[in-house]
Amino acid sequence: MSAPLLQVQDLHAFYGKSHILHGVTFDIAAGEIVSMLGRNGVGRSTTIKAIMGDVPPRGSIRFRDREIGGMKPHQIARLGLGYVPENRDIFPSLTVRQNLYLGQKSTKKTGRWSMADMFKVFPRLEERADTRAGVLSGGEQQMLTMCRTLMGDPDLIMIDEPTEGLAPMMVELVGKLLSEIAGRGISILLVEQKLTIALKISHRLYVMGHGEIVFSGTPGDLAANAGVRKEWLEV
Amino acid sequence: MLEIITFSTLNGVLYGMVLFMLASGLTLIFSMMGVLNFAHASFYMLGAYFGFEISRRIGFWPALIVAPILVGIVGALVERFGLRRVHKFGHVPELLFTFGLAFVIEEVVQMIWGKLPVDYRVPPSLDFTAFRLFDTTYPAYKMFMLAIAIGMFVALLVVLNKTRVGLIIQASLTHPNTVAMLGHDVPTIFMAVFGAGSALAGLAGVIAGPAFVTQPAMAALLGPILFVVIVVGGLGSLGGAFAASLLIGLVQTFAVAINGSLADIFGASAADWFGDLGTVTVAQIAPIIPYFLLVLVLIIKPTGLFGTRET
């Protein structure tokens, strides 16, 4: 068996003096959809940020069998890792089109995704293509951040809480885009608090608690395991 | 009277545009680093001295191009090997670093070119009268300065708003982490912005040197006014920097030209009322006016005229 696309082993991370991640170990295969579940503050976002090099990691992070721990964020992104931050970090003073344009890593290479693809999935973005991104609604901004990252043509996209605070219709649209992404053979690491989308689309799930992985299995395993859900997920 | 207004406006706009050549770079650098670069006016001075030295050897026109590039390289090196290392220790060490750098540059300039002003003159090809109005002549060199400053302003707008690099810079100023995670090399962009900002200050120095005085104190003389511009305009706002540059330029130029005093306005009897204060002319207090404006703005609108950032 070939090595997984992303392999994280014994990952530790710190914010100042506080120890956030206590040896997180997990992996994602090529083309796989994996969800990372858990309550707020258990270290899910920190895990992604450590992989992207935004938080200094300790331990081993291998992407395509190459150690990426210690690399700079832009180098990691250029290897094919995409990150969609949870705070809908659009560039508010630029237009929707300019935001998407900056998602491209270079103007020379065309990736799997074109701006037209994005507009096909989200016609709303095309209507507002020349509007400043800062005036978009929360849901539209969420779409824009996802599409912007896809414009960089990642092989693995890590998405932090894409449905947080969205109306049900928007959640459905996000689900549609996730299927579209998976359909093109791109791996997804979905960080979520709610089970709705995660159970439906994931191949495998991890549950985090107190900076560690406390459960790993298929959606079926998790559905059967009421104990884990009660202890680590339900509020 | 019309004569004074016309020429003061011209001179004020010119001075304002020169200020903007420095303020624009300083504002971009401020947005990026989060601290003011105290050495920015020193790059302006370096531009003037490099311009002087190159003019003397191979002529003014090559100097106009080469000197700003050299200053830009010095700026980029300062960012790469100085500020970037100091950055991780926080804002106060960064501020102290730029403060110290300003002194170092001044001392080095004095060691090489001496304490007295150098003989940096308007090039003969530009040393003629542009036009004559109401018996007063206006030098062509000042029109040339104005053209360069306006050209730079237009170029800056086009680069920032119409090019990919400009868009990446705009995004990096507010969201550096996000830009990096999209695969753009933010540290290198910052170095380039610092270098380009220094080069602009250098260009301002090259063209202002012959019109004003090229001396080791020129950085220390201009620096405080520059900070007034940045604060009045609003920290981090390019539009604000432009408006404030023109405002300060015009206010200072007009103030010098007005010889009125309180006694003139309210009549001789008022002179007794105001005492000595009544006879002080506006021209005499001209140098204080920008700082008065600074204090006023900080009291009424601390974010500056166009600023949104709290500092």
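Whole-Hz Karplus values for the stretch A:214-231 come out as 10, 8, 8, x, 8, x, x, 4, 5, 4, 7, 9, 5, x, 4, 4, 5, 6 Hz, taken residue by residue from phi with 6.51 cos²θ - 1.76 cosθ + 1.60 and θ = phi - 60°; glycine and proline positions read x.
Distances between placed amide hydrogens fall under 5 Å for A:PHE215 paired with A:VAL207, all partners being 5 or more residues away or on another chain. Taken as entire DSSP H runs, the helices of chain A never both span 24 Å or more between Cα atoms along their own long axis and average -1.0 or more on the Kyte-Doolittle scale.
Applying 1/(1 + (r/R0)^6) with R0 = 45 Å to the Cβ-Cβ distance of B:ALA220 and A:ARG66 gives a FRET efficiency near 0.30.
How large is the Kirkwood hydrodynamic radius of the stretch A:163-235, in angstrom, based on all distinct alpha carbon pairs? That comes to 13.3 Å for the stretch A:163-235. Backbone phi angles across the stretch B:234-247, fed through the Karplus curve with coefficients 6.51, -1.76 and 1.60 (θ = phi - 60°), yield HN-Hα couplings of x, 4, x, 9, 5, x, x, 4, 5, 4, 5, 4, 5, 4 Hz in residue order; Gly and Pro are listed as x.
Computed per residue of chain B from DSSP H runs no shorter than four, each worth -39500 (n - 2.57), the mean residue ellipticity at 222 nm is -24000 deg cm²/dmol. In this simple spin-label approximation, A:LYS200 and A:HIS19 carry label points 7 Å from Cα along the Cα→Cβ vector, and these lie 4.0 nm apart. Between B:ILE288 and B:ARG84, the modelled label-to-label distance comes to 4.7 nm, taking each label 7 Å out from Cα in the direction of the beta carbon.
Rounded to the nearest 20, the Cβ-based charge dipole of the protein assembly as shown about its Cα centre (Lys and Arg +1, Asp and Glu -1) stands at 1160 debye. Label zone (A:ALA30, point 7 Å along Cα-to-C-beta; backbone nitrogen cut-off 16 Å) within the stretch A:38-75: A:63-66. Computed from Cα positions, the angle between helix B:2-33 and the longest principal axis of chain B comes to roughly 20 degrees. Rounded to 0.05, the FRET efficiency of the B:VAL280 and B:ILE150 pair, given R0 = 45 Å and the Cβ-Cβ distance, is 0.80.
For chain A, the residue among A:LEU150, A:GLN98, A:GLY165 whose Cα projects farthest onto the positive side of the dipole built from Cβ charges is A:GLN98.
Taking every C-alpha pair closer than 8 Å and separated by at least 6 residues, the mean separation divided by the residue count of chain B gives a relative contact order of 32 percent. The 3J(HN,Hα) values that the Karplus relation (6.51, -1.76, 1.60; θ = phi - 60°) gives for the stretch B:123-139 are, in residue order, x, x, 5, 10, 8, 8, 8, 6, 7, 10, 9, 6, 6, 10, 9, 10, x Hz. Gly and Pro appear as x. Hey, what angle do you get for helix B:40-58 against the long axis of chain B, alpha-carbon based, 0 to 90 degrees rounded to 10? Tilt of helix B:40-58: around 90 degrees.
Anyone know which of B:VAL13, B:VAL251, B:VAL158 comes out most mobile in the 10 Å Cα GNM of chain B? Of the options given, B:VAL158 has the highest mean-square fluctuation. Which translational diffusion coefficient, to the nearest whole µm²/s, is obtained for the protein assembly as shown from the Stokes-Einstein equation, given a Kirkwood hydrodynamic radius over C-alpha pairs, 37 °C and 0.692 mPa s? Estimated via Stokes-Einstein, D reaches 123 µm²/s. Remark: relative contact order (the stretch B:93-221) = 36 percent; criterion is Cα-Cα distance under 8 angstrom and separation of 6 or more residues. Here is the P(r) of chain B: all C-alpha pair distances, binned every 10 Å from 0, give 6, 24, 33, 23, 10, 3, 0, 0 in whole percents. Kirkwood radius, the stretch B:1-146, all distinct C-alpha pairs, inverse of mean reciprocal distance: 17.5 Å. Heavy-atom accessible area for B:ILE5, with the other protein chains in place and a 1.4 Å probe, reaches approximately 70 Å².
Amide H contacts of B:TYR120: B:THR214, each under 5 Å away and 5 or more positions distant or on a separate chain (H built 1.01 Å from N in the peptide plane; Pro and chain starts excluded). The mean sequence distance of close C-alpha pairs (under 8 Å, at least 6 residues apart), as a share of the length of chain A, puts its relative contact order at 28 percent. Across q = 0.08, 0.11, 0.15 Å⁻¹, chain A modelled as identical point scatterers on its alpha-carbon atoms has Debye log10 I(q)/I(0) values of -0.28, -0.54, -1.03, in the order of the q list. Here, the stretch B:196-262 yields an orientationally averaged convex hull projection of 5.9 nm² when only Cα atoms define the hull.
Taking amide H as placed 1.01 Å from N in the peptide plane, the amide H of A:ALA3 sits under 5 Å from none that are at least 5 places away or on another chain. Here chain A is assigned +1 on the Cβ of each Lys and Arg and -1 on the Cβ of each Asp and Glu. Its dipole about the Cα centre then comes out at about 520 debye. The base-10 log of I(q)/I(0) for the stretch A:7-125, evaluated at q = 0.15 Å⁻¹, reads -0.83 [Debye formula, identical scatterers on Cα atoms, solvent excluded]. Full extension of the chain segment joining A:ASN225 with A:GLN75 gains 50.0 nm, where the gain is 0.36 nm per residue of separation less the Cα-Cα distance. Placing dummy labels 7 Å off each Cα toward the beta-carbon, the span from B:LYS301 to A:GLU234 is 5.6 nm.
The values are calculated or read from the model by the stated rules, or taken from the named source; none is laboratory data. Treat the numbers as computed from the prediction; the structure is a model and nothing was measured. Cβ coordinates were reconstructed from backbone atoms using ideal geometry, including for glycine residues, and neighbour counts include every protein chain displayed. For the accessible areas, the whole protein counts, side chains as well, though only heavy atoms, and no ligand, DNA or RNA atoms are used. Shrake-Rupley method; radii C 1.70, N 1.55, O 1.52, S 1.80 Å.
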